[in-house]
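Please find one structure pasted underneath; my questions will follow.
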Amino acid sequence: MRVFVTGAAGYIGSAVVRELMEAGHQVVGLTHSDNGAAALKKAGAQVHRGHLDDLDSLRSGAATADGIIHLAFKHDFSDFAASLASDLRAVEAMGAAVEGSGKPFITTAHANGEASDNAVIALAKRGVRSSVIFLPPTVHGEGDKGFLPILIQIARTTGVSAYIGDGSNRWPAVHRLDAAHLFRLALENVPAGTLLYGRAEEGVPFRDIANAIGKHLNLPVVSVTREEAQTHFGFLGTLAALDIPSVLPGASEQTRKLLNWSPVQPGLITDLDSGHYFSD
């Protein structure tokens, strides 16, 4: 299958590209940078120049492919509404390009991105084998630039590794390679209009994450109150206090059964204990 992948040179995208190519698919990766193009060529993928606001480029990439995996997103937290609007336009452009084709169109969900998710699922009634994958906030592995490195940097800066209250609130997690495998299975097999949940671990206690960080940085592990959390964690204060499975339901059991998805990579704490998060 010839697969058009947006965000192909990114943290998750690069793993998806490798997963697809190892399974015998041909990959055409969207990138706007020379570094991204070089990485895609090195991986053996074809390069498609463009970006999320270049709708003509997105349409042409989608129209000439046998399937689409949409991973690119503008992570601009200073104007997140604009990022969501850009994503919706991109989804609509690519969706229109494959309407009536029966091609798979797999996307990933984003916080407050219901408009894009609904647009993708609506394509199922317009002849597209569309699906949305909900990944947990913690997609861990080598090269991670997400929440875990931020928590580690906060601990280094403050001199303590903290959790909130008794730290029993949970964060779901998945390794990036298990996530990449899920995207490939969805591309090949998922029924139209399906919501998928890519959680290898349904909930890791935040206290366990703090303990692992403290151990590797040789720092004390302390409890902070919810009032202190905003000062200690900054913009992550609210997220660090959440019991995410309670507020974002969607267990992965159905996804595992539907696609025979069986995560095999190390869990979150094991991955932290491997040391690569602390190597710099």
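Of everything in the range 194-216 that's under 19 Å from the mean Cα position of the chain (by Cα) and farther than 18 Å from Gly141 by Cα, which residue is least open to solvent (accessible area, probe 1.4 Å)?
Among them, the one singled out is Leu196.
Please work out which one of (1) out of contact with any His (no Cβ under 9 Å at 6 or more places or on another chain); (2) free of Cβ contacts under 8 Å to residues at least 60 places away in the same chain is the condition Gly50 fails and give its number.
(1)
Sort out which residues of the range 217-238 are in a helix (DSSP H, G or I) and surrounded by fewer than 18 Cβ atoms within 10 Å (Cβ to Cβ), and write them in order of number.
Leu217, Arg226, Glu227, Glu228, Gln230, Thr231, Gly234, Phe235, Leu236, Gly237, Thr238, listed by residue number.
Right, another one. Could you grab me the full set of residues in the range 18-52 that are of a type in the set (S, T, N, Q), surrounded by fewer than 19 Cβ atoms within 10 Å (Cβ to Cβ) and closer than 18 Å to Ala90 by Cβ?
Ser33
What number goes with the only condition from (1) more than 19 Å from Val264 (Cβ to Cβ); (2) touching a residue at least 60 places away in the same chain (Cβ under 8 Å); (3) outside any loop (DSSP other than H, G, I, E, B) that Ala192 does not pass?
Unmet for Ala192, out of (1) more than 19 Å from Val264 (Cβ to Cβ); (2) touching a residue at least 60 places away in the same chain (Cβ under 8 Å); (3) outside any loop (DSSP other than H, G, I, E, B): (3).
Now, a different point. Please tell me if His70 is farther than 27 Å from Glu201 by Cβ, at pLDDT 95 or above and either of a type in the set (Phe, Trp, Tyr) or surrounded by 19 or more Cβ atoms within 10 Å (Cβ to Cβ) (or both).
Spelling it out, it is not the case that His70 is farther than 27 Å from Glu201 by Cβ, at pLDDT 95 or above and either of a type in the set (Phe, Trp, Tyr) or surrounded by 19 or more Cβ atoms within 10 Å (Cβ to Cβ) (or both).
Just give me the residues in the range 151-171 being in contact with a Leu (Cβ under 8 Å, 6 or more places away or on another chain) and crowded, with 16+ Cβ neighbours inside 10 Å, in sequence order.
Leu151, Ile152, Ile154, Ala155, Val160, Ser161, Asn169, Trp171
Right, next: Output the qualifying pairs, or none if there are none: Cβ atoms under 6 angstrom, residues six or more apart or on different chains, first residue in the range 54-75 and assigned to a loop (DSSP other than H, G, I, E, B), second residue of a type in the set (Asp, Glu) and surrounded by 18 or more Cβ atoms within 10 Å (Cβ to Cβ).
Pairs that qualify, where the first residue is assigned to a loop (DSSP other than H, G, I, E, B) and the partner is of a type in the set (Asp, Glu) and surrounded by 18 or more Cβ atoms within 10 Å (Cβ to Cβ), are Phe73/Asp87.
If you don't mind, there's one more thing I want to ask. Considering the range 247-275 alone, what residues qualify as being touching a strand residue (DSSP E or B) at 6+ places or on another chain (Cβ under 8 Å), open to solvent by 60 Å² or more (accessible area, probe 1.4 Å) and part of a helix (DSSP H, G or I)?
Gln254, Leu258
Continuing with this model, one more query. Here are some residues: Gly29, Gly44, Gly50. Which one is under 27 Å from Pro136 (Cβ atoms) and in contact with a helix residue (DSSP H, G or I) (Cβ under 9 Å, 6 or more places away or on another chain)?
Step by step, each of Gly29, Gly44, Gly50 is checked, and only Gly29 is under 27 Å from Pro136 (Cβ atoms) and in contact with a helix residue (DSSP H, G or I) (Cβ under 9 Å, 6 or more places away or on another chain).
Right, here's the next one. Which count do you get for residues in the range 88-142 that are assigned to a strand (DSSP E or B) and open to solvent by 10 Å² or more (accessible area, probe 1.4 Å)?
Residues flagged as assigned to a strand (DSSP E or B) and open to solvent by 10 Å² or more (accessible area, probe 1.4 Å) within the range 88-142 amount to 4.
The values are calculated or read from the model by the stated rules, or taken from the named source; none is laboratory data. All figures in this text were calculated on a predicted structure; none of them were measured in a lab. Cβ sites come from the backbone with ideal geometry, for glycine too, and all protein chains shown count toward neighbours. For accessibility, only protein heavy atoms count, side chains too; no ligands or nucleic acids. Shrake-Rupley method; radii C 1.70, N 1.55, O 1.52, S 1.80 Å.
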